[in-house]
């Protein structure tokens, strides 16, 4: 785990705040606004941590970042389509980016599994 980058964290917080501020006037109901704020914080924290992990040099960190970016793009397009303006082919875009994001996030776990399995097999041979 990489140490938190405050500058990058502030950048992600600013981006999330700007997006939330643009969308919130179209969202009605206090509970939906609160849930939207919480969810915005969660996905931009995910994006921040995936970005901070990029310094590790592993291909899986690139996969994690790509997955996080695609996840944010998927959710953002979903929200824009629902609350701001209808997007052409929104459903296809949302589903494609969502599944590619899941693939990227899942592949980001591969190296730790291989490393762990390798350590177990070496320990077993001794």
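The values are calculated or read from the model by the stated rules, or taken from the named source; none is laboratory data. Model, not experiment: these values are computed from the prediction. Positions of Cβ are generated from backbone atoms using ideal geometry, with glycine treated the same way; all protein chains shown enter the neighbour counts.
Does segment 8-18 contain any residue that is free of Cβ contacts under 8 Å to residues at least 12 places away in the same chain, loosely packed, with under 12 Cβ neighbours inside 10 Å and closer than 20 Å to residue 82 by Cα?
Looking for residues that are free of Cβ contacts under 8 Å to residues at least 12 places away in the same chain, loosely packed, with under 12 Cβ neighbours inside 10 Å and closer than 20 Å to residue 82 by Cα, one finds at least one in segment 8-18, hence yes.
Is one or more of the residues making up segment 14-34 within 17 Å of the chain's Cα centre (by Cα) and under 26 Å from residue 109 (Cβ atoms)?
Within segment 14-34, one or more residues are within 17 Å of the chain's Cα centre (by Cα) and under 26 Å from residue 109 (Cβ atoms).
Note down all Cβ pairs under 6 Å where the first residue falls in segment 54-73 and is on the phi > 0 side of the Ramachandran plot, the second is modelled with pLDDT under 95, and they're at least six residues apart or on different chains.
Listed by first residue and then by second, the contacts come to nothing, as the list is empty.
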